[in-house]
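See below for the structure under consideration.
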Amino acid sequence: MLGNRILILLFLSAWVMTGCNSGGRKMKKESDSLLIPRDDAGVYEEIKKAEKVFYTLPSPLESAMLIKSAGAKFDDNLLNPVDNTRNYITNKSMALNLGIYTCDLSFASLYDQTQLIINYMNAAKKMADGLGILKAIEQEDIDRLEENIHNTDVIMDIVSQTYLNSNSYLEDNGQTAIAAMVLVGGWMEGLYISTRLIDLKDFNSNKLVGRIIDQKLSVDILLSLLEDSKGHPAIDEIIVQVNKIKLIFDKVTIKTSPIRPEYDQSTSVTVLKSEVQSDLSQEVFRELAVAVAEIRNSFVK
Amino acid sequence: MRILRIFPVVSLLFLVFSVTANAQCKAFAKADCLPELAPYTHDGNYHAAVLTEGEEAELFKTFYSDMDYRLAVCGEEILPPVEFIVMDASNNILYTNKNANFSRTWDFKLESSQQLKFVIKVNSSSEQGSSPKSGCVAIMFGFKIKK
């Protein structure tokens, strides 16, 4: 009788704990205060109140779209060869390269590289399967991809869905460190491809330089994301690597005027108006490109 | 001894409930929130959590001047309307859906790339004495190249 009561009590406790805590990217902890700039008490107080905090990076699809929208040309030599899949046997290497291959897949998709799209979808599937992610990329996704190989919208939809399947599976199963590594891999690949596509001869007029400067805004978010899984050996190694990138981005200045939201009634879109001044010298760019290549190559080796 | 026998059972129950609740959120996000993004392309990222009335979540993300964006914030039917507030890096409020009848979506674009913060609130609507309601809340982003 007593055993039954204990069982019921523990059962209810488990239910309450589950209902309150599940699904979030992160539960607030006292140590989170270390992540918040001390000179911004307002932000600190706000964040202390939140039950869950999500730190999110541009997805591989978004990164690839940013590269294309900047007018960059496609270069398949920059992608991680699909033959490398056989080298990835640890969870860390498979997670990082799931992000990397998804970025490469997105890049190939936006430039109508039909055979590469199939190859990179299969490479991403191998990584997802290796990580034990169930139903992330199924044969029917690959069949649908082949049937719509010339329809960029459908391909982007498939890439988005399969990426959603992967990261939601990892989040839902409490594998937040692996999920973070997938995001890091995708983000680093986007930055790597961008830096390699810059020709210093047209440095000042290249729109892609602006997109690289913008990544400074994501470095702190990336570090906060990784801090959630601090203590995980693979994450600790990546934090050291990302901090090297942060130190270089610290040399880049971005000055933004206050944002003025204006609602456009004809389109029902809010325009966030502001002016920005930024400065990235060729010297700092070269330093960044070398550091990014070094880290990315450590991921794909 | 009895406790020792009970412990693994409870651990298993905890795991089952946790995975079930999360899987429900994923299914809700895909079925109820994803369609709200059309005709924008979903970025592929997943943000969903079980929130209880009175709780808040926050999200930090960088947005780019080359893109048009749609934000969709969806709460399960059991919850009161979910409020979201958009802030800049200095915590200035740029938008709140409270002034738009708690609309689930917000379309926006930026003249310069910015890091934005989103505060998602499940306000309390339950009568005093009744237990607060919990449900899934999904936050999703769609994008397209600026025309």
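The values are calculated or read from the model by the stated rules, or taken from the named source; none is laboratory data. Predicted model only: the values in this text are computed from it and were never measured. Positions of Cβ are generated from backbone atoms using ideal geometry, with glycine treated the same way; all protein chains shown enter the neighbour counts.
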Could you tell me whether A:S106 is under 17 Å from B:T41 (Cα atoms), of a type in the set (S, T, N, Q) and either within 16 Å of the chain's Cα centre (by Cα) or at pLDDT 95 or above (or both)?
yes
Working only within the stretch A:113-141, note down all residues that are more than 23 Å from the chain's Cα centre (by Cα) and either within 27 Å of A:A72 (Cβ to Cβ) or surrounded by 20 or more Cβ atoms within 10 Å (Cβ to Cβ) (or both).
A:T114, A:Q115
Against the condition within 7 Å of another protein chain (Cβ to nearest Cβ) and at pLDDT below 95, how does B:A23 come out, does it pass?
yes
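Yes/no per residue for (1) at pLDDT below 95; (2) closer than 21 Å to A:K244 by Cα:
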residue: A:K126; (1), (2): no, no
residue: A:L134; (1), (2): yes, no
residue: A:E140; (1), (2): yes, no
residue: A:D172; (1), (2): yes, no
residue: A:A179; (1), (2): no, no
residue: A:W187; (1), (2): no, yes
residue: A:R196; (1), (2): no, yes
Looking at A:L217, A:L272, A:L222, A:L200, which one is touching a helix residue (DSSP H, G or I) at 6+ places or on another chain (Cβ under 8 Å), crowded, with 18+ Cβ neighbours inside 10 Å and among the aliphatic types (A, V, I, L, M)?
A:L222
If A:L98 satisfies all but one of (1) among the aliphatic types (A, V, I, L, M); (2) without any contact (Cβ under 8 Å) to a residue 60 or more places away in the chain; (3) under 22 Å from A:R144 (Cβ atoms), what's the number of the condition it fails?
(2)
Condition broken by B:I145, with the remaining ones in (1) at pLDDT 95 or above; (2) of a type in the set (A, V, I, L, M, F, W, C); (3) surrounded by fewer than 22 Cβ atoms within 10 Å (Cβ to Cβ) satisfied:
(1)
Of the residues in the stretch A:232-267, those that are more than 20 Å from B:S113 (Cβ to Cβ) and more than 20 Å from the chain's Cα centre (by Cα) come to A:Y263, A:Q265, A:S266, A:T267
Would you mind stating whether A:S160 is within 13 Å of chain B (Cβ to nearest Cβ), more than 21 Å from A:Y192 (Cβ to Cβ), at pLDDT 95 or above and touching a Ser or Thr at 6+ places or on another chain (Cβ under 9 Å)?
yes
From B:H47, B:H42, residue being facing chain A (nearest Cβ under 7 Å), within 19 Å of A:K52 (Cα to Cα), of a type outside the set (A, V, I, L, M, F, W, C) and out of contact with any Pro (no Cβ under 7 Å at 6 or more places or on another chain)
B:H47
Does B:C136 satisfy the criteria of being in a strand (DSSP E or B) and either over 12 Å from the mean Cα position of the chain (by Cα) or within 8 Å of another protein chain (Cβ to nearest Cβ) (or both)?
yes
